1. Which count do you get for residues in the stretch 53-80 that are under 16 Å from residue 100 (Cβ atoms) and touching a helix residue (DSSP H, G or I) at 6+ places or on another chain (Cβ under 8 Å)?
2. Can you find a residue in the stretch 77-87 that is in a helix (DSSP H, G or I), modelled with pLDDT of 95 or more and touching a strand residue (DSSP E or B) at 6+ places or on another chain (Cβ under 6 Å)?
3. How many residues, within the stretch 74-107, are exposed (fewer than 13 other Cβ atoms within 10 Å of the Cβ) and free of Cβ contacts under 8 Å to residues at least 24 places away in the same chain?
């Protein structure tokens with residue numbers, strides 16, 4: 001039996017290793033694709049003003065953690081939203097943010 005550590009790999013063995021590694025990397029790229037789809041689905045999902053958590057509210061355009069907390073605080077202090085347009089009453093929410101998200105907002 002020959003000592004493999006002192007010899008270079010044969011061309012056939014090298015090709016085999018390269019093809020195997022290409023298969024591994026291709027599989028990783030293909031398996032990563034659904035994550036993009038999942039993110040797009042989240043960004044299109046409806047947000048219910050009276051039920052959504054801070055984490056769900058931050059998926060809205062122009063709504064960061066602080067504004068999402070303000071929406072939840074408003075809901076706890078004043079009560080349930082009666083209409084989507086009532087969101088304007090929350091500090092930091094203006095017409096632009098409301099209009100940018102109107103299609104995704106539900107009561």
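The values are calculated or read from the model by the stated rules, or taken from the named source; none is laboratory data. What you see is a predicted model; the values in this text were computed from it and never measured. Ideal geometry is used to build each Cβ from the backbone, glycine not excepted, and the neighbour counts take in all protein chains shown.
1. Looking only at the stretch 53-80, we keep the residues that are under 16 Å from residue 100 (Cβ atoms), and these are 57-64, 67-68, 71.
If we keep only those that are touching a helix residue (DSSP H, G or I) at 6+ places or on another chain (Cβ under 8 Å) too, we end up with 57-63, 67-68, 71.
Residues in the stretch 53-80 being under 16 Å from residue 100 (Cβ atoms) and touching a helix residue (DSSP H, G or I) at 6+ places or on another chain (Cβ under 8 Å): 10 in total.
2. Yes - at least one qualifying residue is present in the stretch 77-87.
3. Residues meeting the conditions: 13.
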